[in-house]
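Rule-based calculations on the coordinates, nothing more; no lab input. Just so it is clear, the structure is predicted and the values come from calculations on it, not from any experiment. No Cβ is skipped: glycine too gets one built from the backbone with ideal geometry, and neighbour counts run over all protein chains shown.
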Amino acid sequence: MTEWIWTRRPTSGITCVVLCLGLAVACGRFVSDSAHGDGSGEASLVSRAHDIHERILTIDTHDDIPLDFATSAVDPGVRGDRQVDLPKMTDGGLDAAFFIVYVGQNERTPENYRRAQVDAMTKFEAIHRMAEELYPDRIAIAYTADDFERIAARGKLVAAIGIENGYVVGQDLSLLETFHQLGARYITLAHNGHNDIADSASPRPNLGDVRSEHGGISGFGERVIAEMNRLGIMVDVSHISKAAMLDAVQLSRAPVIASHSSARALVDHPRNMDDEQLRALADRGGVVQTVALGSFVSGSSGLRADAIGELLTDFGLSRRRDIDLSALSVTQRADYGNRLTEIDRDWPEADVATFIDHVDYAVELIGVDHVGISSDFDGGGGVAGWNDASETFNVTLELVRRGYSEDEIAKLWGGNLLRVLREVERVASESSIVSSGPDRDSLRTRRPGSPPAAGDQVR
């Protein structure tokens, strides 16, 4: 079996294709056989995919970060055990990532809103610290669609910012302008659990959630969407209920996105979107960013996870990405391998091909102009062959293998998302609001609810 590994290293300006012999489990990359059994044909396909990957702009719309991001504990400039860091982005040719300001759901009290806002500011500050203090020569923050292209053309990685869970807004509409000035370019209206904006696709009974609280988008949520349109923040409909999603599509004056969702027709998961939702999103010019998260793209992922967990427990192994078998005897290793083979047979691991099945389905249903790509790295995402940012090329390779053209691949990898962002910017410009990034000094002192610093609004 032959495996192709591609890496990009801008520091040398050299791009190489390396032939690696061995099993996928040994190499940790996506395995591909020539469709015609012709090694030279496969080499030509890989070379073409490599050239395309080098030329296009690749954007991943959902990468989570912890509260201690951009500190000595979690240094994004150093290759570590997280799925996304700057070295892995460089190696895999991932040009741009939306780093996510996520806040968890809790009871809706003023005290909990304040805690969520403090956590959000910690993550905002971390992203800015990464780009402006720690590694300004390697990565920069994009505030506009043009910024993505400008920054990448200068040979830097691109950081964008998304907020996951409108819970952080609480009941304070004015926070949206602060978040926008700090760089937020999309907000996921809800997460797991209803909030004051929208019903969730995953209600939280432990927080008192009924099946539907608002019947979709709340009255306050309508005002939130209008303000996001005014400011130039993309409305993200991942995680919200079907009724809320359909409401949001109609309420927004600009196209909406689903930042990390896949096709429910293939996997009946409440976080995936059914055909009616996908068509509604496309009819209004939006884009669904199909997500490489195992349980969203493979119906057997949950059963596989349970089986793997039982296997690790039986052998006294920790649940981590790199399983250490050194403490096992030769006999135990053999038993472990046999059981793992049985798991692979009964519940195959979701891989790049499984993920691209969802891309194919969405493209066939709503057209290539309305489909994109996301990973949900460090938030549960990742499939065999695209387990971290260093393996990003394997997605492009599978798209080439399936016959997508360079223009279509460019749309899937970010062109469609930037089209939506430009339309969102156009709608905002009608209200004479187009904002750049905040003043660096004001960032350190500003907190939600405080007025914008002088000089924050330009362009």
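The label point for ALA334 and the one for ALA73, both projected 7 Å from the Cα toward the Cβ, are 4.5 nm apart.
Each Lys or Arg adds one and each Asp or Glu takes one away; over the other residues whose Cβ falls under 11 Å from the Cβ of GLN289, this sums to -3.
Going from the fewest other Cβ atoms within 10 Å to the most, the residues TYR361, TYR143 appear in the order TYR361, TYR143. A Förster radius of 56 Å, combined with the Cβ-Cβ distance separating GLU132 from ARG204, puts the computed FRET efficiency at roughly 0.95.
Residues ARG271, ARG108 in ascending order of nearby Cβ atoms (within 10 Å, fewest first): ARG108, ARG271.
Put a dot 7 Å past the Cα of ASP51, heading toward its Cβ, do the same for GLU364, and the two dots end up 3.0 nm apart.
Simple spin-label estimate for ARG284 and ASN106 gives 3.2 nm between the two label positions (7 Å along the Cα-to-Cβ direction from each Cα). For region 149-271, averaging the sequence separation of C-alpha pairs within contact (under 8 Å, six or more residues apart) and dividing by the residue count gives a relative contact order of 22 percent.
So the label point goes 7 Å from the Cα of GLU276 along Cα→C-beta, right? Which residues of region 198-215 then have their backbone N under 15 Å from it? Counting backbone N atoms under 15 Å from the label point, the list is 215. Put the Cα centre of region 158-215 next to the Cα centre of region 391-433 and the gap is 24 Å.
Per-residue extension of 0.36 nm, minus the Cα-Cα distance of LEU173 and GLU125, leaves a gain of 15.2 nm for this segment.
Cβ-to-Cβ counts within 10 Å put ASP63, ASP314, ASP388 in ascending order as ASP314, ASP388, ASP63, the fewest first.
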